[in-house]
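Inspection log for the structure reproduced underneath, given as structure tokens.
The values are calculated or read from the model by the stated rules, or taken from the named source; none is laboratory data. Here the structure is a predicted model, which is why all the values come from computation and not from measurement. So basically every Cβ, Gly included, is an ideal-geometry build from the backbone, and we count neighbours across all protein chains shown. Side chains are part of the model used for accessible areas, which takes the heavy atoms of the whole protein and leaves out ligands, DNA and RNA. Shrake-Rupley method; radii C 1.70, N 1.55, O 1.52, S 1.80 Å.
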Amino acid sequence: MAHDHHHGHHAQHGHAAHGHPDHAGHGDHEELADILDLDAEVLHEHLTEVMAWVHEHAAPATTVLDLGAGTGAGTLALARRFPAARITAVDVSPQMLEHLRHKAAAVGVQERIKTIEADLDTTPSSTLPAADLVWAANSLHHLADPVATLRGIRGAIRPGGHLVALEMEAFPRFLPGDALEERCHAAVAEARAVDMPHLGADWAPLLRAAGFTVEATRRFEIDLRPPLPEATVRYAQTTLRRLRQGLQDRLSPADLTALEALAEEVPHRRDLVVQARRTAWAARP
Ligand SMILES: C[S@@+](CC[C@H](N)C(=O)[O-])C[C@H]1O[C@@H](n2cnc3c(N)ncnc32)[C@H](O)[C@@H]1O
């Protein structure tokens, strides 16, 4: 069931977001929220570039649905790029949505933004508002059966409307050539192959399987070089510490210690970079 915060209805979810069953504690929400906010700050230019592409392929959009909105990086970028649009942000996490509402209020767009607490694995799409743009950024890979959810979402898209999905290929890298960081990424890839098999997938065939026609695809290369703003240091540190947390059982004790030391060292590294690849697909139902 969808739960509309404007009607004051809150559901209780006994589990964390998909793929993080081992990170279900309260602190984890805050940490993930921090990373999402830092991601939005550090990759601001990238997001602006993505939104220009979305505008090119999916305008006009007056009603927008943001699936797995998190702390609202995309929601707020959409609000900026589509100044007349009303946006509904959907997420399974009430904490994320609360954070999103605060951020929307801080930039004065709260009147145009509504939040719905819903689990997209089980919520019938008929309970979601119809939209002419559905946006899903780094959320589809969290779903248990993304093709089934996407098939349902098709029905929520108005005639002439679009779905735009943005997905990362892997977690960002900060110290290219660092052997330890390489080993961490290999271990993450191994873990994700089991608990998030769709991370880094080519979404075009999955979108087609759900009945969509893919109209455009664009790969975005992120390569930020020094000097980098201070937020980048926090972004790298938080990401490396979260990696360490998630890899407790997959790295040797020596690597776990070295990874903590690497996170500590980040503020003093002159060679810190941010390298990532994200792909966007624009599709019509
Ligand atoms: C990596 S974050 C991306 C957030 C945001 N779209 C962004 O780009 O910053 C993934 C989000 O999907 C949400 N999510 C995961 N599984 C979900 C589900 N089954 N239903 C609804 N939201 C879900 C998580 O709570 C989290 O906020």
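Scanning for something out of contact with any Gly (no Cβ under 6 Å at 6 or more places or on another chain), over 30 Å from residue 266 (Cα atoms) and more than 10 Å from the ligand (Cβ to nearest atom), does segment 165-172 turn up at least one residue? Yes, segment 165-172 contains at least one residue that is out of contact with any Gly (no Cβ under 6 Å at 6 or more places or on another chain), over 30 Å from residue 266 (Cα atoms) and more than 10 Å from the ligand (Cβ to nearest atom).
Could you tell me whether segment 258-273 includes any residue that is closer than 18 Å to residue 166 by Cβ, surrounded by 19 or more Cβ atoms within 10 Å (Cβ to Cβ) and touching a residue at least 24 places away in the same chain (Cβ under 8 Å)?
Keep residues of segment 258-273 that are closer than 18 Å to residue 166 by Cβ, which gives none.
The answer is no; no qualifying residue exists.
Within segment 63-78, the set of residues being over 26 Å from residue 144 (Cα atoms) and more than 11 Å from the ligand (Cβ to nearest atom) comprises just one member, 63.
Yes or no, residue by residue, for (1) of a type in the set (Gly, Ala, Ser); (2) at pLDDT 95 or above:
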| position | (1), (2) |
| --- | --- |
| 80 | no, yes |
| 102 | no, yes |
| 105 | yes, yes |
| 108 | yes, yes |
| 119 | no, yes |
| 126 | yes, no |
| 135 | no, yes |
| 144 | yes, yes |
| 147 | no, yes |
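Answer with yes or no whether residue 22 is in contact with a Pro (Cβ under 9 Å, 6 or more places away or on another chain) and either away from the ligand (no atom under 13 Å from the Cβ) or modelled with pLDDT of 90 or more (or both).
Details: in contact with a Pro (Cβ under 9 Å, 6 or more places away or on another chain): no; either away from the ligand (no atom under 13 Å from the Cβ) or modelled with pLDDT of 90 or more (or both): yes.
Judged against the criteria, residue 22 is not a match.
Filtering segment 152-180 to residues that are among the basic types (Lys, Arg) and either under 17 Å from the mean Cα position of the chain (by Cα) or buried (at least 17 other Cβ atoms within 10 Å of the Cβ) (or both) leaves 154, 173.
Is there a residue in segment 103-111 that is open to solvent by 10 Å² or more (accessible area, probe 1.4 Å) and within 15 Å of the chain's Cα centre (by Cα)? No.
Taking the criterion of being more than 23 Å from residue 234 (Cβ to Cβ), of a type in the set (Asp, Glu) and either near the ligand (Cβ under 10 Å from one of its atoms) or in contact with an Asp or Glu (Cβ under 8 Å, 6 or more places away or on another chain) (or both), would at least one residue in segment 41-62 satisfy it? Outline the logic, then answer.
Within segment 41-62, the subset more than 23 Å from residue 234 (Cβ to Cβ) is 51-62.
Then keep just the ones that are of a type in the set (Asp, Glu); that gives 56.
Imposing the further condition that a residue be either near the ligand (Cβ under 10 Å from one of its atoms) or in contact with an Asp or Glu (Cβ under 8 Å, 6 or more places away or on another chain) (or both) reduces the set to none.
No, every residue in segment 41-62 fails to be more than 23 Å from residue 234 (Cβ to Cβ), of a type in the set (Asp, Glu) and either near the ligand (Cβ under 10 Å from one of its atoms) or in contact with an Asp or Glu (Cβ under 8 Å, 6 or more places away or on another chain) (or both).
For segment 97-126, name all the residues that are polar (S, T, N, Q) and more than 13 Å from the ligand (Cβ to nearest atom). Lay out the reasoning, then the answer.
The initial filter retains those residues of segment 97-126 that are polar (S, T, N, Q), namely 110, 115, 122-123, 125-126.
Hits for segment 97-126 are 110, 126.
Would a scan of segment 240-252 turn up a residue that is out of contact with any Pro (no Cβ under 8 Å at 6 or more places or on another chain), closer than 22 Å to residue 43 by Cα and not in a helix (DSSP H, G or I)?
Filtering segment 240-252 down to residues out of contact with any Pro (no Cβ under 8 Å at 6 or more places or on another chain) leaves 240-252.
Now restrict to residues that are closer than 22 Å to residue 43 by Cα: 240-243.
Filter once more, keeping what is not in a helix (DSSP H, G or I): none.
No - not one qualifying residue is present in segment 240-252.
Among the residues making up segment 79-96, those that are closer than 19 Å to residue 54 by Cβ and either more than 13 Å from the ligand (Cβ to nearest atom) or out of contact with any helix residue (DSSP H, G or I) (no Cβ under 7 Å at 6 or more places or on another chain) (or both) are 79, 80, 81, 82, 83, 84, 85, 86, 88, 90. Please tell me if residue 162 is assigned to a strand (DSSP E or B), touching a strand residue (DSSP E or B) at 6+ places or on another chain (Cβ under 7 Å) and either farther than 19 Å from residue 57 by Cα or away from the ligand (no atom under 12 Å from the Cβ) (or both). The answer is yes for residue 162.
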